[in-house]
Amino acid sequence: MLDQFLRDGSNKRSGAYGGPIENRARLLLEVISAVCEVWDSKQVGLRLSPLNSYNSMIDSDPIALITWLAKRLNDFNLAYLHIMRSDFFQAQQGDVMTPAREHYKGLLVGNMGYSADEAAEAIASGKLDAVAFGVPFLSNPDLPARFKLGAPLNAADSSTFYTADAKGYTDYPALAD
Ligand SMILES: Cc1cc2nc3c(=O)[nH]c(=O)nc-3n(C[C@H](O)[C@H](O)[C@H](O)COP(=O)(O)O)c2cc1C
């Protein structure tokens with residue numbers, strides 16, 4: 001829902017919660033403020049997917065959106081800002097990570113399509129503080145051990161991504177299996 005407010009492809013409101021970015025971001029900032037009244041802000045992280053077009057989400061200017069948010073989120077002293085760097089369907093393209101790094105002063109986590117090598121390089125060169133892995137973790141229960149060893153990864157079977165039973169969730173083999 002927060003994403004639906006953020007992006008102008010879905011937010012067609014007028015008034016205080018629609019129109020310019022500062023209005024579209026209002027609900028997100030209000031929610032972060034409320035959550036940080038209950039928990040220490042260092043216990044609160046935020047994940048944004050400014051390019052992802054899944055479920056028909058779209059924005060006319062994702063770079064402007066992430067730039068504005070990266071600046072404004074400095075006010076909250078969050079545990080981290082986690083950004084999905086691209087789009088599952090390549091409908092929206094652009095570099096959202098560079099402006100995020102430039103303007104956000106806290107801990108920045110990158111995600112989407114990283115290999116172990118690219119993640120290590122991004123962290124070593126200071127582009128990111130951490131990288132999050134989704135699909136590789138789904139198909140490799142021992143992902144950190146595999147990275148450490150430079151071992152090959154199990155390929156993920158996308159046909160089981162949204163199914164309901166154990167197949168594709170708990171049956172991928174670990175190295176020792
Ligand atoms: C089966 C599946 C379900 C997902 N569900 C969500 C979700 O509910 N919310 C979300 O923000 N991202 C979701 N994602 C996206 C992942 O969190 C992650 O951003 C994406 O897989 C890209 O990272 P990766 O290349 O490391 O897998 C999902 C991904 C997969 C494969």
- Message: Yes or no: segment 58-67 includes at least one residue that is under 21 Å from Gln4 (Cα atoms), modelled with pLDDT under 95 and polar (S, T, N, Q).
- Response: no
- Task: Scan segment 138-164 for residues that are farther than 25 Å from Ile83 by Cβ, of a type outside the set (Val, Ile, Thr) and in a loop (DSSP other than H, G, I, E, B) and report the count.
- Result: 9
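So which of Ser49, Ser33, Ser56 is small (Gly, Ala, Ser) and within 19 Å of Ala130 (Cα to Cα)?
The unique qualifying residue is Ser49.
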- Does segment 62-75 contain at least one residue that is part of a loop (DSSP other than H, G, I, E, B) and among the polar types (S, T, N, Q)? no
- Within segment 66-100, how many residues turn out to be within 16 Å of the ligand (Cβ to nearest atom) and under 14 Å from the mean Cα position of the chain (by Cα)? 14
- Among the residues of segment 89-126, which ones are buried (at least 18 other Cβ atoms within 10 Å of the Cβ), out of contact with any Ser or Thr (no Cβ under 9 Å at 6 or more places or on another chain) and part of a loop (DSSP other than H, G, I, E, B)? Tyr104, Gly106, Tyr114
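This table checks each residue for (1) surrounded by fewer than 17 Cβ atoms within 10 Å (Cβ to Cβ); (2) on the phi < 0 side of the Ramachandran plot.
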{"position": "Gly19", "(1), (2)": "yes, no"}
{"position": "Ser60", "(1), (2)": "yes, yes"}
{"position": "Thr67", "(1), (2)": "no, yes"}
{"position": "Leu73", "(1), (2)": "no, yes"}
- Message: So in segment 127-137, with the set limited to residues that are surrounded by fewer than 18 Cβ atoms within 10 Å (Cβ to Cβ) and in a helix (DSSP H, G or I), which one is nearest to the ligand (Cβ to nearest atom)?
- Response: Val135
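The values are calculated or read from the model by the stated rules, or taken from the named source; none is laboratory data. Please read these numbers as outputs of a predicted model, since none were measured by experiment. So basically every Cβ, Gly included, is an ideal-geometry build from the backbone, and we count neighbours across all protein chains shown.
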